[in-house]
1. What are the pairs with Cβ atoms under 6 angstrom where one residue, in the stretch 13-28, is under 12 Å from Ile44 (Cα atoms) and the other, located anywhere, is of a type in the set (Asp, Glu)? Sequence gap at least six, or different chains.
2. Determine the pairs where a residue that is over 19 Å from Ile571 (Cα atoms) and outside any helix (DSSP H, G or I), located within the stretch 514-534, has a partner that is modelled with pLDDT of 80 or more and open to solvent by less than 50 Å² (accessible area, probe 1.4 Å) with Cβ atoms under 9 Å apart, the partner being 6 or more residues away or on another chain.
3. Using the structure shown, decide if Thr175 is at pLDDT 60 or above and assigned by TED's automatic domain parsing to the domain that holds Val162.
4. Under 7 Å by Cβ, and 6 or more places apart or on different chains, what pairs join a residue from the stretch 488-504 that is farther than 12 Å from Ile458 by Cα and open to solvent by less than 90 Å² (accessible area, probe 1.4 Å) with one that is hydroxyl-bearing (Ser, Thr, Tyr) and at pLDDT 85 or above?
5. Of the conditions (1) under 30 Å from Lys4 (Cβ atoms); (2) modelled with pLDDT of 75 or more; (3) open to solvent by less than 30 Å² (accessible area, probe 1.4 Å), Ile156 satisfies every one except a single condition; which number is it?
6. Considering every residue within the stretch 429-436, establish whether at least one is under 23 Å from Lys486 (Cβ atoms), modelled with pLDDT of 70 or more and touching a Lys or Arg at 6+ places or on another chain (Cβ under 8 Å).
7. Could you list, in sequence order, the residues of the stretch 298-313 that are small (Gly, Ala, Ser) and closer than 10 Å to Ile561 by Cα?
8. Mind checking which residues of the stretch 367-390 are more than 19 Å from Ile455 (Cα to Cα), charged (D, E, K, R) and within 49 Å of the chain's Cα centre (by Cα)?
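The values are calculated or read from the model by the stated rules, or taken from the named source; none is laboratory data. As the structure is a prediction and not an experimental result, all values here were calculated from the model. Please note: Cβ atoms are built from the backbone with ideal geometry, for glycine as well, and neighbour counts cover all protein chains shown. Areas reflect the complete protein model, heavy atoms only, side chains present, ligands, DNA and RNA absent. Shrake-Rupley method; radii C 1.70, N 1.55, O 1.52, S 1.80 Å.
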Amino acid sequence: MTKKLKRMIKRIILGAVVALIAVVVTKMTEGFSWGKWASLAAFIAAYLILAYDVLKKAGVNIIHGRVFDENFLMTVATFGAFGCGEFTEAVAVILFYQIGEAFQSYAVNMSRKSIKSLMDIRPDFARISRDGEEKEVDPSEVAIGDIIIVKPGERIPLDGVVKSGQSSVDTSAITGESLPRDVDAGTSVVSGCVNLSGVITVEVTSEFAQSTVSKVLTLVEEASSKKAHAEQFITVFAKVYTPIVVGCAVLLIIGGSLITGDIREWIYRGMTFLLISCPCALVISIPLSFFGGIGGAGKNGILIKGGNYMDVLARIDTLVLDKTGTITKGNFAIGEIEVSDDYNGRYGEGAGDRLLKYAAMCESYSTHPIAVSIVNKYGKDIDKNAVSDIKEIAGKGVEAVIEGRKYCVGNSKLMKDALSEADYPEIEKCSDVSMGGTLVYVAEDGKYAGHLHIIDEIKDGAVEALRECRKAGVNSIIMLTGDNEKTAESVAGKVGLDKFFANLSPLDKVTAIEDILENNKIGKVAFVGDGINDAPVLTRADIGIAMGAMGSDAAIEAADIVIMTDELSKITEAKRIAKKTLRIVKENIWLALGVKIGVLVLAAFGIASMWAAIFADVGVAFLAIMNAMRALRAK
């Protein structure tokens, strides 16, 4: 609880006590000529204790030309009640209004906690070794290439690569993941995460202004400034609605007084009408709902850049995805190993293992991702001394001599140099190109030996995640990829896509997303990519969602929704949070308008008193705020 809220509660209690004393004074002084004045003085004291801030705000706003707000309405309504001799109701109105305001402040503070948990990732210092001693400096003073020291319990201040030490890192503030991640030398780490166990040294790879934590903080700070359509509507609605109800109240007082001649009764009805008309429930609960939804998503590693994006997110019916790094893991693995008939005849059942062994030995000196995947698949120690005459041929592959035999490992272009034309049909015969992926061919002493099928693995849980997307209201799922037709067809079949487009350049992807947008007249189109080379498409779609964006500058800048992990299931989670938030907003709009219109009609006919008006204003605001707080628990 903030100090301001504590002071507010103390003032409410004091005002309530003085109001109770005023009621006692009224009862005790009945029958005395001065009794009414004593009662009025006591109630005015209670009123000023409770309402001085409302009166001040109303006066300041009137001076600045902002007349019609809830402070003005409260002031006029309570002054009218005093004028009609309804002292108790005048003080009760302001008392319950302040109780509602206190609860609103508490609710806003609760919603801010989820945002504050993100804001708390800002590092206080960076520990750096200079002149033989450790110094704590501002993170903005650290340059790229500097070595920083991070001790257990400290927050990593800048993005970098671990140079020495081993530890576990809590990434929950950035990714929403509960399990810590193990790091050691060579592992990339990002700012904002907490070092849990061992001391690590980190070589800085980005300045603080460009670090993950800095970009996330900027994103969160800007989120509240981007209003959803519902928020914009309520802002405009309140500006138009309030003057209209004030005019109606004036007409009600004048018209009723002329008809019946009882001006006191009609002033009371007019003041009740004004009190009911306060749009507090709408003005407070709608932004609070969006704020809560953004905070609830943030706690789960989903950063939504503003309430306006929730409107679009909830209406997504077409999901367009990049392949590499989004549906697939973006790293290479060995699928199947096929050997030629001749090679199989010479080496029998062990032909496949032999082919993998010698391919791995040839590739053991290369750092190419495909070469690394072959060595990893072999998984045994390699005697590099047995490999000689190594020759890397750019764009084709590698040649080497092992145990007196010449091996060639590479693509079909290398095979055309290494083999005779008579072996070309054998290559086609052994290649199951329908599987997609990349084929690495192997030749032994000028004879075709077989090939390794290199594939980009489907992400764990991708099939289930896309199935959940359909349950959440996505009708069409499409993939855009620069890979060949066969690879795209294979991936699309495995994860159950409706359509795919292959062999696309970045410019082709923009054209493809524009065609999809043109053909989608009803719902909204979301593009999901890794944010590194898909920035143009992320920007062009109705809403851009960046996956696995921890440490990716392009993702945070280009996308509207940033998912800090690479879990596809977060897409459905984000859509459901948006839908729940909008549902809460609509519930509050109908609740507030329904109750207010009903009680306004009753007040106009003299059926509803100021006590009913208190419920229509403060009571409905209380219920709307309670409902809005549900957005914080969105899952």
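1. none
2. What qualifies is Asn520/Asp317; Asn520/Thr318; Asn520/Ser476; Ile522/Asp317; Asn533/Asp322.
3. When the stated conditions are applied, Thr175 does not pass them.
4. Asp498/Ser476
5. Answer for Ile156: the failing condition is (1).
6. no
7. Gly306
8. Matches in the stretch 367-390: Lys380, Asp381, Lys384.
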